Amino acid sequence: MRVFVTGATGFIGSAVVKELIAAGHQVTGVYRSDDKAPALAASGADVYRGSIDDPDSLKDGAARSDGVIHLAFNHDFSKFAANCETDRRVIEALGSVLAGSHRPLIVTSGTAIAKVAPGEPATEDAPPITANEFPRAASEEAATAAKGVSGSVVRLPQVHDPERQGLISPWIAVAREKGFFAYIGEGRNRWPAAHISDVARLYRLAIEKSEPGAIYNAVGEEGVPARDIAETIGRRLKLPVKSIPPEEAGGYFGWLAHLAARDMPASSALTQKKLGWRPTGPGLIADLERLPIS
């Protein structure tokens, strides 16, 4: 099939493009900056210029596809709510050209969208929170509202390799700036994780076996304790590691503070059953042990 991929030059998007092409699919990958186009073309994809800031610029490419994987997102967290509403508009634009065809539209969200009891893992069948409660839910709401489209959602945890680790990467940047690696309280709160190779394979399976309304959790590890993350990185980067009280979290973490103390375990049991997906990549701690030191 011909798959239209937004965010095709990003960390996850570039891995998804390679996975799709290796499986025999044709890919049209969206790029925004001219310097990104050569590498995208070299991967075997057809290149398509577009931007999430101009949702209409994506319509023609989506209309000529057999399905869409939407990965692009503005990660400037200083305007997070506005970026989530932009994502809603992009999904609405993509859905408008797929309407009535029942072609698959795979959108991206996060495992924290599930509404579960404290300490319980987020599951695919848990009720979602609303965009009023957490802005990122706007993406799922837009996918659900798309009519005549086989819309489904991939919820991401901390996606990692030795170079990048989701929200842990800005945590590392804060630690380098502050001169020590901090976790909050006892550091027992857990973050789910998955290796980039497993996540790319899940996106491929999701579009190949598209099921309207499906929620897929791209989770390889249900929850890695914050203290384990901090101690591993501190040892690797030779930074002191210490606990800080919750009232100091804002001063240390900045915009990341509201997530740094959250316990966010998540399960992929239903996803594995539906798609026959089995995560096999390295674990988060294993990749953190290979962090570049410089």
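The values are calculated or read from the model by the stated rules, or taken from the named source; none is laboratory data. Quick caveat, the model's predicted, so the values are computed rather than measured. Because the Cβ atoms are built from the backbone with ideal geometry, glycine has one as well, and the counts that use them run over all protein chains shown. These accessible areas exclude ligands, DNA and RNA; they are computed on the full protein's heavy atoms, side chains included. Shrake-Rupley method; radii C 1.70, N 1.55, O 1.52, S 1.80 Å.
Overview of values
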{"read-out": "On Cα atoms only, tilt of 80-98 relative to the major axis of the chain in degrees", "value": "20"}
{"read-out": "Euclidean distance between Cα centres, the stretch 203-238 to the stretch 129-198, Å", "value": "8"}
{"read-out": "Nearest 10 degrees, 0 to 90: helix 226-237 Cα axis against the chain principal axis", "value": "80"}
{"read-out": "Too-long pairs where the Cα-Cα distance tops 29 Å, listed order kept, from Lys115/Lys209; Lys36/Lys274; Lys36/Lys79", "value": "Lys36/Lys274"}
{"read-out": "C-alpha long axis of helix 11-22 to longest principal axis of the chain, angle in °", "value": "50"}
{"read-out": "For the chain, built as a Gaussian network whose Cα springs stay under 10 Å, the top-fluctuating residue of Gly276, Gly50, Gly185", "value": "Gly276"}
{"read-out": "Protein accessible area in the chain, 1.4 Å probe - carbon and sulfur %", "value": "51"}
{"read-out": "Rounded to the nearest 20 debye, dipole of the stretch 35-155 from Cβ charges on Lys, Arg, Asp, Glu", "value": "140"}
{"read-out": "Convex hull of the stretch 86-135 built on C-alpha atoms - directionally averaged projected area, nm²", "value": "4.4"}
{"read-out": "Whole-Hz couplings from phi, Karplus 6.51/-1.76/1.60, listed for the stretch 157-172; x for Gly and Pro", "value": "x, 7, 8, 9, 8, x, 8, 9, 8, x, 6, 6, 4, x, 4, 4"}
{"read-out": "Cα pair count fraction exceeding 29 Å, expressed as % - the chain", "value": "33"}
{"read-out": "Among Leu20, Trp255, Leu105 the positive-end extreme of the charge dipole of the chain (Cβ point charges)", "value": "Leu20"}
{"read-out": "Simple spin-label estimate for Lys178 and Asp263 in nanometres, 7 Å along Cα-Cβ", "value": "2.2"}
{"read-out": "FRET efficiency estimate (nearest 0.05) - Cβ-Cβ, Ala286 to Glu247, R0 35 angstrom", "value": "0.55"}
{"read-out": "Rg to Rh, two decimals, where the stretch 190-294 supplies the alpha carbon set and Rh follows Kirkwood", "value": "1.06"}
{"read-out": "Within the chain: Cβ-based charge dipole about Cα centre, in debye rounded to nearest 20 (Lys, Arg +1; Asp, Glu -1)", "value": "400"}
{"read-out": "Whole-number Å³ per residue for the convex hull built on Cα positions in the stretch 1-64", "value": "67"}
{"read-out": "Length-normalised contact order of the chain in % [C-alpha pairs under 8 Å, at least 6 apart]", "value": "18"}
{"read-out": "Kirkwood Rh, Cα atoms: Rg over Rh of the stretch 39-196", "value": "1.00"}
{"read-out": "Estimated 222 nm signal from helices in the chain, with DSSP H stretches of n ≥ 4 weighted -39500 (n - 2.57), rounded to 500", "value": "-10000 deg cm²/dmol"}
{"read-out": "Interchain or long-range residues, amide H under 5 Å from Val68's placed H", "value": "Phe4, Leu105, Ile106"}
{"read-out": "Given charges at Cβ of Lys, Arg, Asp, Glu: the chain dipole, positive-most of Met264, Ile293, Cys84", "value": "Ile293"}
{"read-out": "All aspartates and glutamates inside 18 Å of Lys242 as judged from Cα atoms, apart from same-chain residues fewer than 8 positions distant", "value": "Glu177, Glu186, Asp228, Glu231"}
{"read-out": "Under-5 Å amide H pairs with Glu222, H placed in peptide plane, nonlocal only", "value": "none"}
